[in-house]
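**Student:** Before I ask anything, let me first share the structure, which is written out below as structure tokens.
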Amino acid sequence: MTKTRTRPYSIRARLISGMLLLVSLTLLIAGATGYIVQRHALNERLDDELVRSAQELQVLSDTGIAPSTLSPYDKAQDLIYRAMQRTMPALHQGMVGLHGKTVTWTAPDVVALRLEGDQQLMDAVNSSAPEQEIALRTIPTDATTYRAIIVPVKLSADTDYSSFVVAFDYSAEIAEINRNMLIFGAAGAVAMAIAAGASWFFVSRMLRPIRQLQHTAKLISDTDIARRVEIVGNDEFAHLAGTINEMLDRLETALSTQRQLLDDVGHELRTPTTIISGHLQLMEPEDPEDVRASREIALDELNRMSLLIEDLVTLAKSNRPDFAIPKPTPVGILLDEILDKARALGDRHFRINGRVDADVQLDPLRITQAMLQLCANSVKFSEPGTKITLDTRWVERQDHKLLRLSVTDEGCGIRAEDLPRIFERFGRGSNAVRTDGSGLGLNIVQAIAEAHGGELHVISRPGAGCEVFLEIPVRQPGATV
């Protein structure tokens, strides 16, 4: 079983590893690309300079004047000597002049690269037969590797070929590039170290909300669910923390409601079971009247328990998304149907005061259930023959159009001190008795109002009746709640 506490650190390690891998791949690709480009540029530069040396020799041969004869060059040795005098070798560059296979001219002493001192190079130059064409060659020796151009020269007064050799220490040139790459690698390593430190810092800050969430989750238990994640900033993690806090709010509400429901249900069911058990224990089996009375009491309590269970099932369904299924509903026709059904609830004068003749997006079955529940409450707390008024109207509240459905009676009303309790589960006013119902009626009506995105309100006139009304937002046909 993986320990939860290691996850944030493993996430941090994976993020940092991924960032460092990305940086290292970027540096590697940049370094490799730069190295290849520099090698290619080096080869082109060396070849260009070597070819230019050969071209300068050719130009000197075509246009130059020998100092000794004051006429065009007719001996290769004089031409090569003059060319070497006019050439200043670059760093890691050397030159030498040969007559046949004998070194006749060498570079000045200030030139560091002494070609004549590498016998393997001289052997490689002398091993090739004199030709009319210029040879551009790479020559490896034990000392180093050369990139050289061999220019065969034979003029009119010559009996044998001479050679003008210009070469670069190719290994030394490559070593400079390698040294630059080592500097680049060292700078990359420093950059990687800085990136690792910066990544650790920023990733740690970025994951701080997750660690706070983990810490909060550890502190939350079934007896303490009031803790919340601290929201810092306005980024995605802050929004995540806000979403989790909203989830915890809903969870706290659900658990509190569940705990209260279990306590209330236990209390409410304990009374009828105690009554049934007590009467059955005290019942005289031989006395028919006692048996009949005990049976009636037991059935009455069982019926009340059935109503309680049915109401609890309804409230449990109210948390489901399909509790209310809105559809375009003609409110005027729906109000007439509710009036016809309400007349069977008791000897009261039911009437309609206001009517909205429009199609509204709502669940007609749930609205009918809510209105009949309100009518049943009005019948329960009013005298026979009094008026109960049903009403629908438009209201404006905070720039929102609402549909108000209300039931008004002429009963005893609700005392001011009882108003906060009537919306509680199993809550009853002080003028109610235990046998008046489950105490869940207004909770069900409130759940139906909330399922439509609305609210339930009560306006009481103690001794003169009360008005209970639902206000639900108006939605166009086809919209969802």
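The values are calculated or read from the model by the stated rules, or taken from the named source; none is laboratory data. From a predicted model like this one, the values you see are computed outputs, not experimental measurements. Every residue, glycine as well, gets a Cβ built from its backbone with ideal geometry; the counts of neighbours run over all protein chains shown.
**Student:** Failed condition for ASP322, given (1) at pLDDT below 80; (2) of a type in the set (Asp, Glu); (3) exposed (fewer than 13 other Cβ atoms within 10 Å of the Cβ); (4) not in a loop (DSSP other than H, G, I, E, B), with all others met?
**Tutor:** Here ASP322 meets the rest and fails (4).
**Student:** Tell me, yes or no, whether region 180-191 has at least one residue that is outside the structural domain of GLN38 (by TED's automatic domain parsing), surrounded by fewer than 12 Cβ atoms within 10 Å (Cβ to Cβ), over 30 Å from ASP118 (Cα atoms) and at pLDDT below 80.
**Tutor:** No: zero hits.
**Student:** Sort out which residues of region 87-102 are within 20 Å of ARG45 (Cα to Cα) and either in a loop (DSSP other than H, G, I, E, B) or not assigned by TED's automatic domain parsing to the domain that holds VAL153 (or both), and write them in order of number.
**Tutor:** Scanning region 87-102 gives THR87, MET88, PRO89, ALA90, LEU91, HIS92.
**Student:** So, one more: Just for strands (runs of 3 or more DSSP E) wholly inside region 373-461: which have at least 2 residues that are modelled with pLDDT of 90 or more and in contact with a Cys (Cβ under 9 Å, 6 or more places away or on another chain)?
**Tutor:** Working: elements: 387-397, 400-409, 455-461.
Counting at least 2 such residues, we get 387-397, 400-409.
**Student:** Which condition from (1) part of a helix (DSSP H, G or I); (2) polar (S, T, N, Q); (3) in contact (Cβ under 8 Å) with a residue 40 or more places away in the chain is the one that SER163 breaks?
**Tutor:** Against the list (1) part of a helix (DSSP H, G or I); (2) polar (S, T, N, Q); (3) in contact (Cβ under 8 Å) with a residue 40 or more places away in the chain, SER163 comes up short only on (1).
**Student:** Looking only at region 103-130, count how many residues are modelled with pLDDT of 85 or more, of a type in the set (Gly, Ala, Ser) and in a loop (DSSP other than H, G, I, E, B).
**Tutor:** Summing the residues that are modelled with pLDDT of 85 or more, of a type in the set (Gly, Ala, Ser) and in a loop (DSSP other than H, G, I, E, B) in region 103-130 gives 2.
**Student:** Can you name every residue in region 57-86 that is touching a Gly at 6+ places or on another chain (Cβ under 7 Å) and in a loop (DSSP other than H, G, I, E, B)?
**Tutor:** Across region 57-86, the qualifying residue is only TYR73.
Listed here are the residues, each with its yes/no results for (1) outside the structural domain of LEU362 (by TED's automatic domain parsing); (2) over 16 Å from THR392 (Cα atoms); (3) within 36 Å of the chain's Cα centre (by Cα).
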| position | (1), (2), (3) |
| --- | --- |
| MET305 | yes, yes, no |
| GLU310 | yes, yes, no |
| PRO326 | no, yes, yes |
| VAL331 | no, no, no |
| LYS341 | no, yes, no |
| ALA344 | no, yes, no |
| ARG348 | no, yes, no |
| ARG351 | no, no, no |
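**Student:** Same structure again: Quick one: ASP78 ticks every box in (1) touching a residue at least 40 places away in the same chain (Cβ under 8 Å); (2) buried (at least 17 other Cβ atoms within 10 Å of the Cβ); (3) more than 60 Å from the chain's Cα centre (by Cα) except a single one, so which number is it?
**Tutor:** With (1) touching a residue at least 40 places away in the same chain (Cβ under 8 Å); (2) buried (at least 17 other Cβ atoms within 10 Å of the Cβ); (3) more than 60 Å from the chain's Cα centre (by Cα) applied to ASP78, the lone miss is (1).
**Student:** Sticking with this one: I'd like to verify a number: residues in region 331-364 that are of a type outside the set (Asp, Glu), without any contact (Cβ under 8 Å) to a residue 40 or more places away in the chain and under 25 Å from LEU440 (Cα atoms), how many?
**Tutor:** 7
**Student:** Oh, and also: Within region 197-229, which residues are part of a loop (DSSP other than H, G, I, E, B) and surrounded by fewer than 14 Cβ atoms within 10 Å (Cβ to Cβ)? Before you say what the answer is, go through the steps one by one.
**Tutor:** So the first thing to find is which residues in region 197-229 are part of a loop (DSSP other than H, G, I, E, B), and the list is 207, 220-229.
Passing the criteria: SER221, ASP222, THR223, ASP224, ALA226.
**Student:** I'd like the full set of residues that are in contact (Cβ under 8 Å) with a residue 12 or more places away in the chain and of a type in the set (A, V, I, L, M, F, W, C), limited to region 81-109.
**Tutor:** ALA83, MET84, ALA90, LEU91, MET95, VAL96, LEU98, VAL103, TRP105, ALA107
**Student:** Working carefully through the options ILE36, ILE65, find the one that is at pLDDT 85 or above and surrounded by fewer than 15 Cβ atoms within 10 Å (Cβ to Cβ). Please lay out each step first, then the result.
**Tutor:** Values: ILE65 fails: at pLDDT 85 or above.
On inspection, the qualifying residue turns out to be ILE36.
**Student:** So in region 145-173, with the set limited to residues that are over 16 Å from SER128 (Cα atoms) and of a type in the set (Val, Ile, Thr), which one is modelled with the lowest pLDDT?
**Tutor:** Residue satisfying both the conditions and the ranking: THR159.
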